[in-house]
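Remarks on the structure that follows.
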Amino acid sequence: MVETFILNTDPLDSRELFEQLLEQVDDTRKEKILKLKTFTKQKQSLGAGLLIKKYVGDIHSLNKNGKPKNNDTEFNISHSGKYVVLTKGGTEPVGVDIELMQRGNKHIAPRFFTLDECVQIDRSYDPDKTFTQIWTLKEAFLKCIGSGVGKDLKRFTIHIDDEKIRIDNRINRNFYYFKEYDVSGYKLSVCSEDNRFSETLEDVTDEILKLEETK
């Protein structure tokens with residue numbers, strides 16, 4: 001089963017809560033957080049560390065492109081805006097990407113997307129939404145196979161037909177499945193060789209940030 005958890009970092013605007021939860025992550029994560037230049041990125045990194053601690057445990061290694069690995073659980077992290085998401089599976093690789101939808105990205109599609117994907121965007125009633133959807137699907141796939149984010153973007157094509165997603169994959173011969181979850185103002189896509197996706201996206205903000213204890 002491929003499960004996906006989402007955390008809203010807005011409550012971490014409270015410096016008291018931020019400092020309290022910062023003490024719960026390991027020294028490596030803490031050092032990484034404190035080196036980040038903006039508080040938004042610090043909140044995202046802290047959120048990621050808390051999710052990994054809760055649902056994965058120790059990170060045992062990194063692949064050559066920097067994807068973290070745990071010997072027992074395949075997982076992946078993404079963040080954008082106020083959200084951090086973690087997807088985990090069993091033994092099958094997983095990839096996840098969340099992106100805040102923004103206007104005006106359509107014009108950069110030819111730099112990153114295949115011709116077929118650009119045509120899909122041009123024909124869409126909402127080109128910016130379709131751009132973001134394709135982007136997250138592509139990034140989730142690349143992260144699933146362990147490739148560096150942004151690499152090989154034109155070596156495969158995402159097709160969206162009546163909300164059904166398929167991939168023309170020229171990188172390897174494996175078969176991949178996709179799952180999208182609704183997040184207002186964002187696009188969130190998950191990719192795995194396992195087609196057993198959780199039907200719901202689990203919001204664990206209160207549980208991870210221990211907000212229930214303060215209510």
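The values are calculated or read from the model by the stated rules, or taken from the named source; none is laboratory data. Worth saying up front: this structure is predicted, and the values here are computed from it rather than measured. Every residue, glycine as well, gets a Cβ built from its backbone with ideal geometry; the counts of neighbours run over all protein chains shown. Side chains are part of the model used for accessible areas, which takes the heavy atoms of the whole protein and leaves out ligands, DNA and RNA. Shrake-Rupley method; radii C 1.70, N 1.55, O 1.52, S 1.80 Å.
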Original post:
Counting DSSP beta bridges with both partners in the chain, what percentage is antiparallel, nearest 5?
Top reply: 90
**OP:** For region 91-181, run through the trypsin sites (Lys or Arg not before Pro) and keep only the ones in DSSP coil with at most 16 other Cβ atoms within 10 Å of their Cβ.
**Re:** Arg103, Lys151, Lys154, Arg155, Arg170, Arg173
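At most 14 other Cβ atoms within 10 Å plus a DSSP loop assignment makes a site exposed; report the longest stretch of the chain without any exposed chymotrypsin sites (Phe, Trp or Tyr not before Pro). Don't skip to the end; give the middle numbers.
Details: sites that count: Tyr125, Phe175.
No qualifying site falls inside 1-124, the longest such stretch.
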Subject >> Vicinal HN-Hα couplings computed from phi for region 168-179 (Karplus, 6.51 cos²θ - 1.76 cosθ + 1.60; Hz; Gly/Pro x) >> reply: 9, 9, 10, 8, 8, 9, 6, 10, 10, 10, 10, 9
Original post:
222 nm [θ] for the chain, helices only, -39500 (n - 2.57) per DSSP H run of 4+, per residue, to 500?
Top reply: -9500 deg cm²/dmol
Subject >> Listed residues Asp72, Asp206 arranged by accessible area, highest first, probe 1.4 Å >> reply: Asp72, Asp206
Original post:
Using a 1.4 Å probe, how large is the accessible area of Ser147, given in Å² and rounded to the nearest 10?
Top reply: 20
Original post:
Do any cysteines of the chain lack a neighbour Cys whose Cβ is under 4.7 Å away, and which are they?
Top reply: Cys118
Subject >> Label-point separation in nm, Phe175 to Lys32, each point 7 Å along Cα→Cβ >> reply: 3.5
Original post:
Which one is right for this structure if Rg and Dmax of the Cα atoms in Å is calculated from it: (1) 17.4, 52; (2) 18.5, 55; (3) 20.1, 70?
Top reply: (1)
